[in-house]
Each structure stands twice: as structure tokens, then as C-alpha cells.
Amino acid sequence: QKEVEQNSGPLSVPEGAIASLNCTYSDRGSQSFFWYRQYSGKSPELIMSIYSNGDKEDGRFTAQLNKASQYVSLLIRDSQPSDSATYLCAVTYGGSNYKLTFGKGTLLTVNP
Amino acid sequence: NAGVTQTPKFQVLKTGQSMTLQCAQDMNHNSMYWYRQDPGMGLRLIYYSASEGTTDKGEVPNGYNVSRLNKREFSLRLESAAPSQTSVYFCASSEGTPDLYEQYFGPGTRLTVT
């Protein structure tokens with residue numbers, strides 16, 4: 001059974017700190033991994049995609065993937081109040097690159 | 001570019017009524033998707049279309065039908081709405097080519113079935 005697990009939070013960090021968000025998944029055949037940000041009442045917004053083991057950096061965001069441990073994480077450096085949102089981890093499943101399963105999200109609050 | 005657009009933004013239906021949710025994308029993407037988002041359940045895939053002319057079931061297809069009208073448009077139909085279909089519905093699209101499977105979401109439709 002496919003599962004994506006995230007801590008629901010809330011995760012609270014001070015402005016300027018590093019926020020660390022974690023995600024584990026159950027399908028060993030998963031090939032593609034994504035992080036989305038969702039503000040309350042809005043649609044999910046893609047932040048990062050990662051397809052191979054290791055780190056991928058984009059501005060203040062770093063995604064980390066470890067397929068052996070079935071673990072993917074998102075680091076947000078120099079956190080800003082505008083980063084306060086729910087972060088969704090999404091993973092492909094069933095050998096398909098089209099079918100995404102989402103975690104329930106981690107609520108991040110960045111305090112000024 | 002407008003990206004992914006959805007109509008309507010809000011809808012209230014009575015049990016048993018039917019309706020079609022419309023989705024269009026202007027990014028020349030090959031693949032399109034329909035999700036629903038419910039509190040405590042997260043986002044769940046209803047149907048997807050990997051390419052024009054194809055559609056496949058996702059995790060929660062019962063009670064829904066889809067049509068890939070052309071490369072730009074993908075509609076979701078509720079034939080006989082039930083209160084359990086009260087949800088926020090999101091359409092998404094992606095290139096659908098190797099290493100370009102990132103999905104981009106529309107603004108959503110908030111549906112209430114009474």
C-alpha cells in the first residue's frame with residue numbers, strides 16, 4: 001500500500017532560522033519526488049522536484065533524497081514569515097510517473 | 001500565460017444533480033490530472049490523462065467521469081452528486097516527458113453537495 005508520511009506539525013521556527021521538513025514513503029518503486037507549498041485557501045504551488053539520490057538546491061530551498069532509506073526532506077534556509085504555509089510531500093507510485101500520492105502536509109509557522 | 005484555469009470557482013449542488021467541472025491549460029502540456037482535497041485526507045488523484053486521447057483511473061475514481069476534449073482541456077463530470085463529493089477539486093497539468101513530470105495546479109473549485 002502506498003503511503004507518504006509527514007509530521008503534521010505545526011513546526012514553528014524563528015525568522016532567519018533553518019526549517020527542516022521530512023517525509024517518508026512506502027513504495028520502493030517510486031521514481032519522482034516533489035515538494036509543494038500551499039497557503040490556506042489556495043492551490044498547491046510546486047517548490048522543488050528531485051529524481052535522484054542526493055541534494056538539489058534552488059535558492060533558499062534544498063531537497064534531499066535517500067531512496068535506500070525511502071526518505072525525502074526539504075530545508076528552507078533564512079526562513080521568512082512569508083514561508084508560513086503547509087508543505088506537501090508528493091511521490092509517484094505504482095511504477096508510474098503520472099500517479100502522485102501526497103502526504104497530508106506539515107504546517108510551518110515562521111515567527112518574526 | 002494563464003497557466004491552468006478552472007471553472008467554476010464555487011458551486012453548490014443538491015444531491016442527485018449533475019455538473020461538469022472545466023479545466024484548461026495553455027502551457028502545451030501533454031498530461032492533465034484531477035484531484036480532490038478533503039480535510040484530514042490530503043490530495044487524492046481521481047483521474048488522469050497521460051496524453052491526448054487517453055484517460056486512466058487514479059485512487060478515487062468512483063462517481064466521476066472524465067473527458068480529454070483536446071490537448072488543452074480536461075473535464076470532470078459528476079453524474080449524480082452525493083454529499084460525500086463535497087470537496088475542493090484541483091486540476092493540474094505536466095509536460096509528461098522524462099524528468100519533466102512536475103505538476104502545476106489550477107486555482108480549484110469548491111463544491112458543496114447538500
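The values are calculated or read from the model by the stated rules, or taken from the named source; none is laboratory data. Just so we're clear, the structure is a prediction, and the values are computed from it rather than from any experiment. Ideal geometry is used to build each Cβ from the backbone, glycine not excepted, and the neighbour counts take in all protein chains shown.
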Qualifying position, being at pLDDT 95 or above and more than 15 Å from the chain's Cα centre (by Cα), among A:Gln80, A:Gln64, A:Gln70: A:Gln80
Options B:Tyr48, B:Tyr35; residue that is in contact with a Cys (Cβ under 9 Å, 6 or more places away or on another chain), closer than 27 Å to A:Tyr39 by Cβ, within 10 Å of chain A (Cβ to nearest Cβ) and not in a loop (DSSP other than H, G, I, E, B): B:Tyr35
Residues located in the stretch B:51-70, provided they are within 14 Å of chain A (Cβ to nearest Cβ) and either part of a strand (DSSP E or B) or touching a Gly at 6+ places or on another chain (Cβ under 6 Å) (or both): B:Asp56, B:Lys57, B:Val66, B:Arg68
For B:Phe74: the one exception among (1) touching a helix residue (DSSP H, G or I) at 6+ places or on another chain (Cβ under 9 Å); (2) buried (at least 20 other Cβ atoms within 10 Å of the Cβ); (3) of a type in the set (Phe, Trp, Tyr): (1)
Within the stretch B:71-89, considering residues that are within 14 Å of another protein chain (Cβ to nearest Cβ) and in contact with a Leu (Cβ under 7 Å, 6 or more places away or on another chain), the one nearest to B:Ser49 (Cα to Cα): B:Tyr89
Count of the stretch B:21-65 residues which are out of contact with any Ser or Thr (no Cβ under 9 Å at 6 or more places or on another chain) and hydroxyl-bearing (Ser, Thr, Tyr): 3
Considering residues of the stretch A:18-55 that are at the interface with chain B (Cβ under 8 Å from one of its Cβ atoms), touching a residue at least 24 places away in the same chain (Cβ under 8 Å) and not in a strand (DSSP E or B) only, the residue surrounded by the fewest Cβ atoms within 10 Å (Cβ to Cβ): A:Ser32
Number of the condition not met by B:Asn28 [criteria: (1) out of contact with any strand residue (DSSP E or B) (no Cβ under 7 Å at 6 or more places or on another chain); (2) crowded, with 19+ Cβ neighbours inside 10 Å]: (2)
Set B:Leu43, B:Leu21: member being in contact (Cβ under 8 Å) with a residue 24 or more places away in the chain and either assigned to a loop (DSSP other than H, G, I, E, B) or more than 9 Å from chain A (Cβ to nearest Cβ) (or both): B:Leu21
